[in-house]
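The values are calculated or read from the model by the stated rules, or taken from the named source; none is laboratory data. This structure is a prediction, so every number in the text was calculated from the model and none was measured. Cβ: placed from backbone, ideal geometry, glycine included. Neighbour counts: every protein chain shown.
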Amino acid sequence: MNAPTRYAEALLTGMLGAFGLDVEYVRAEKNSLYYLDDTGAEVPVLDLVGGWGSLMLGHNHPEIVAYAKELLETGWPVHSQHSAHPVADQVGAVLNGIVGREFPGAEPHSVVFANSGAEAVEAAVKHCEFDRVLRMKSLFEQIEWNADVALTALREGAAALPDDTSLLPGDMPAPTTVEEFGALLGAVAAHNLERAATAPVFFALERAFHGKLVGSTQFTYNPLFRAAFASLGREVCFVPPNDAAAFEDILSEHRVTVLDVEVVDGVITLVEREFPAVAGLLVEPIQGEGGIHALTPEFAARIREICDEVRCPIVVDEIQTGMGRTGTFFASSAIGLVGDAYVLGKSLGGGIAKTSAMLVRQSRYRPEFELVHSSTFAKDGFSTAVALRTLELLEVDDGAAYDRAAERGERILAMLRELAGAYPDVVADVRGKGLLIGLEFADQSQAASPVIRQKALAGLLVFQLGSYLQLAHHIRTGPTASVPTMLRIEPSIYISDEEIDQLRTGLVDVCEILRHQDALTLIHP
Ligand code: F0G
């Protein structure tokens, strides 16, 4: 029988097929995906990809499934846009409770819902820009007001003409009459107008991953995902992670001032004001797709100070790290990184619904944003209710799920570190926190085996190793496009000791293959 024609991502599925990874799964539960063998029997595969992080509570968590069924069976409204959404507010209340617990003294946060991680990132970027535009508007209103005040004071003889115009480029002499002062104000306005055309600058970190939509892909460092689409968006300024001095230097290059007039001690004086050119900084507390790299508490503290000085909002992308994956609900809370906004996605939908959210601290929140940003599907009745139930499951028993993520993660990490100790020639590094783990293999581009060398040079060795783990050990691991030598391991909190052992057995086998350059076994398990 001919295979059916593929219409959906045929190229990608074909590529997966080349590695034996184009398996059709027919059932999923906890950390297992099942396919049917030739006899029609179910074969379990240990799923350590974990839906790229969307399955903190595993596949088809029975309580979430039962609740989802109940919602659908009882006719719970899914699409009731432009009406009250108390369940969405309850999600906000739970999230605010968590924020208050993990960031003591934090102010309340408003919540804006979206449908995917990248969409929440774009909402956050838009909110930063919206806030910047409104700040710019009020700055220019204030400058205009101050010019009127100065002119009136001058006419009424309550203020003297400015005697120093050096802040204004172009050697304009100090005015000697009211008319000349009017001309000076005109020159100041023209100067400010020119400065106001300065494009906003957004910062992100090298190795960052923030999504692949038109806007969010500009914040994703890997040129593979960004370069072809660069002309569709504003160029983001990438700075090295954990190097606050470099950030400060680059940021200072982008600081822009405009001119204002003030009456000081009876004299009209030209003064500089900071123009809001800097629109925002996006950071992941632990970079996920970029290779599992954590930010340090020192960097977190310093960027907060630097950003406060220029009122640059910090958007903390917790899409990968949040929901308790690294042992606390927010990975940023563990390093004391206080954001102006946070974005959540992935497991927020409990592995069933597609939803994401942006939290903005209320003193920076612009309520008018709600009138200019929306989506048909965001904040729908189904996904918000599922998100609420998911949060309840995570929060129950004083957040036992977070402790479990930390404990299971430590156990996996300990096993991997032992492996790295036993195979230092093969394993380059083991990194991660909680259930966000990376195993980096040593470079094989000089390998003795031509097959292994070739795969490494093509950046496909991890696919080949993943293929071997899948076919020989029924283990599914995730690659990382940005670090082609890394296997990503993101299981649910329910991963058992036996499953960790299964992973160990598979990885020992892979390490032996690499140590002995046994390409034949690797390619034909
Ligand atoms: N931000 C981070 C930190 C992410 O890891 C991802 C996705 C996104 C945003 C975008 O979310 O896919 O729902 O639009 N990360 C996946 C990964 C794809 O490979 O880790 P999305």
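What number of residues within region 35-45 satisfy the criterion of being surrounded by fewer than 16 Cβ atoms within 10 Å (Cβ to Cβ) and either among the aromatic types (F, W, Y) or under 31 Å from the mean Cα position of the chain (by Cα) (or both)?
The number of residues fulfilling the criteria is 1.
Mind checking which residues of region 252-270 are in a strand (DSSP E or B) and surrounded by 13 or more Cβ atoms within 10 Å (Cβ to Cβ)?
Within region 252-270, V256, T257, V258, L259, D260, V261, E262, V263, V267, I268, T269, L270 meet the criteria.
For region 475-525, name all the residues that are away from the ligand (no atom under 16 Å from the Cβ), farther than 16 Å from V426 by Cβ and among the hydrophobic types (A, V, I, L, M, F, W, C).
Selection gives I475, I493, I495, I500, L520, I523.
Examine region 138-152 for a residue that is hydrophobic (A, V, I, L, M, F, W, C) and within 31 Å of the chain's Cα centre (by Cα), and state whether such a residue exists.
Yes.
How do the pairs read when you match residues in region 438-451 that are under 13 Å from I513 (Cβ atoms) with residues anywhere that are of a type in the set (K, R), using Cβ under 7 Å and keeping only pairs 6 or more apart or on different chains?
Q444/R453; A447/R453
Please find, within region 48-76, the residue that is farthest from Y494 (Cα to Cα) out of those that are out of contact with any strand residue (DSSP E or B) (no Cβ under 6 Å at 6 or more places or on another chain) and within 16 Å of the ligand (Cβ to nearest atom).
W52
Can you tell me which residue in region 103-139 is surrounded by the most Cβ atoms within 10 Å (Cβ to Cβ), limited to those that are more than 16 Å from the ligand (Cβ to nearest atom) and among the basic types (K, R)?
For region 103-139, the residue satisfying everything is R132.
Considering (1) part of a strand (DSSP E or B); (2) closer than 19 Å to C128 by Cα, say which one R273 fails and leave the rest.
(2)
Just the residues that are at positive phi and either in contact (Cβ under 8 Å) with a residue 40 or more places away in the chain or within 15 Å of the ligand (Cβ to nearest atom) (or both), please, taken from region 452-474.
Result: H474, single match.
Could you look through region 174-228, keep only residues that are β-branched (V, I, T), assigned to a helix (DSSP H, G or I) and buried (at least 18 other Cβ atoms within 10 Å of the Cβ), and pick out the one that is farthest from the ligand (Cβ to nearest atom)?
Result: V188.
Please pick out the residue among D249, D243 that is loosely packed, with under 13 Cβ neighbours inside 10 Å, among the charged types (D, E, K, R) and at pLDDT 95 or above.
Just one listed residue meets the conditions, D249.
Return yes or no: is D243 of a type in the set (D, E, K, R), more than 16 Å from the ligand (Cβ to nearest atom) and closer than 30 Å to L295 by Cα?
yes
Filtering region 343-368 down to residues that are more than 17 Å from D89 (Cβ to Cβ) and among the hydrophobic types (A, V, I, L, M, F, W, C), which residue is nearest to the ligand (Cβ to nearest atom)?
Selected residue: V343.
The rows are residues; the columns are (1) part of a helix (DSSP H, G or I); (2) under 20 Å from I489 (Cα atoms).
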site	(1), (2)
M15	yes, no
G20	no, yes
Y25	no, yes
V43	no, no
L46	no, yes
H79	no, no
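Any chance you could count how many residues in region 442-463 are surrounded by fewer than 22 Cβ atoms within 10 Å (Cβ to Cβ) and not in a loop (DSSP other than H, G, I, E, B)?
6
Is there any pair with a first residue in region 114-133 that is hydrophobic (A, V, I, L, M, F, W, C) and a second that is more than 10 Å from the ligand (Cβ to nearest atom) and part of a helix (DSSP H, G or I) whose Cβ atoms are under 7 Å apart and which are 6 or more apart or on different chains, and what are they?
A114/A123; F130/F369
Looking at region 314-338, which of the residues that are within 14 Å of the ligand (Cβ to nearest atom) and outside any loop (DSSP other than H, G, I, E, B) is surrounded by the most Cβ atoms within 10 Å (Cβ to Cβ)?
By that ranking, first place goes to D317.
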